[in-house]
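For reference, the structure discussed in these notes is given below.
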Amino acid sequence: AAAGQPVIYSRAQWGADEGLRSGTVKYSATIKTGFVHHTAGTNGYSEAEVPKILRAVYAYHVKGNGWSDVGYNFLVDRFGRLWEGRHGGIAKAVVGAHTGGFNVDTFAVSGLGNYDKVAPEQPMLDSIARLMAWKLGSHFRDPNGTAVLTSQGGGTSRYSAGTKVTFSNVSGHRDAGRTSCPGGNLYAQLPTI
């Protein structure tokens, strides 16, 4: 049975400027894998500062990277609060811009902070686990299982277009891309998540 949906704060609740995004929302037919990321930003933020940080991530992804929207489907703060990232519907299989080569049939959650430097706090880990249980469960995926994804290439992908790769259903960005993301301390928690 699918796990219940955790509380996820909306884009409106963090003050997303909907005039900033562009293009049309794309959807996958299903969800096979959830990728865990980190924003590589500051770790010492307060609860009140989180919406401002989310707006900064959004602006960077659109204005700095040239993407149509926030790359991540979800973000999570150190207090364990989950936030809607990319527009298109939290219960839908929205194609993001998070894991080069592997944005189709996947979703991503990014921890706010740099987890190469510090260990993620337990509320963050618990919320990522709840999100993975809900999102993977609603598509009949075992969080302890694996899935085969076909690389679309590009970005920081480790795999050229057309390569079939087997991933754990809960994977880290570094499993697919040439990056240290989601940081060594968060990556080490993926089996627990």
Which of these, Leu75, Leu112, Leu149, has the largest mean-square fluctuation under a Gaussian network model of the chain (Cα springs below 10 Å)? Leu149
Could you tell me, in Å, what Rg and Dmax come out for the Cα atoms of segment 1-87? 13.6, 41
Amide H contacts of Ser110 (H built 1.01 Å from N, under 5 Å, at least 5 apart or other chain): His37, Phe74, Leu75, Val76
Given Cβ point charges of +1 (Lys, Arg) and -1 (Asp, Glu) and nothing else, what value in debye, to the nearest 20, does the dipole of the chain about its Cα centre take? 380
Distance (nanometres) between label positions extended 7 Å along Cα→Cβ at Lys164 and Ala59: 4.6
Which one, (1) 0.97; (2) 1.09; (3) 0.93, gives Cα Rg over 2.2 N^0.38 Å as derived from the coordinates shown? (3)
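As a test of the formula, what do you get for the chain when each DSSP H run with n ≥ 4 contributes -39,500 (n - 2.57) and the sum is divided by the residue count, at 222 nm and rounded to the nearest 500 deg cm²/dmol?
On the way: 5 runs with 38 residues, N = 193.
Using -39500 (n - 2.57) per qualifying helix, the result is -5000 deg cm²/dmol.
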With every protein chain left in place, what is the accessible area per residue of segment 63-193 in square angstrom, probe 1.4 Å? 40
Projecting each Cα onto the charge dipole of segment 66-193 (Lys/Arg +1, Asp/Glu -1 at the beta carbon, about the Cα centre), which of Ile90, Ala176, Leu112 comes out farthest on the positive side? Ala176
Apportionment of accessible area to carbon and sulfur, the chain, percent (1.4 Å): 50
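Give the shape of segment 102-188 as rounded, prolate or oblate, defined through the alpha-carbon gyration tensor: a ≥ b ≥ c are the square roots of its eigenvalues, a/c under 1.5 means rounded, and otherwise the shape is prolate if a/b is larger than b/c and oblate if not.
Working: a/c = 2.41, a/b = 1.23, b/c = 1.96.
Since a/c reaches 1.5 but b/c is at least a/b, the shape of segment 102-188 is classed as oblate.
The values are calculated or read from the model by the stated rules, or taken from the named source; none is laboratory data. Treat the numbers as computed from the prediction; the structure is a model and nothing was measured. Cβ sites come from the backbone with ideal geometry, for glycine too, and all protein chains shown count toward neighbours. Side chains are part of the model used for accessible areas, which takes the heavy atoms of the whole protein and leaves out ligands, DNA and RNA. Shrake-Rupley method; radii C 1.70, N 1.55, O 1.52, S 1.80 Å.
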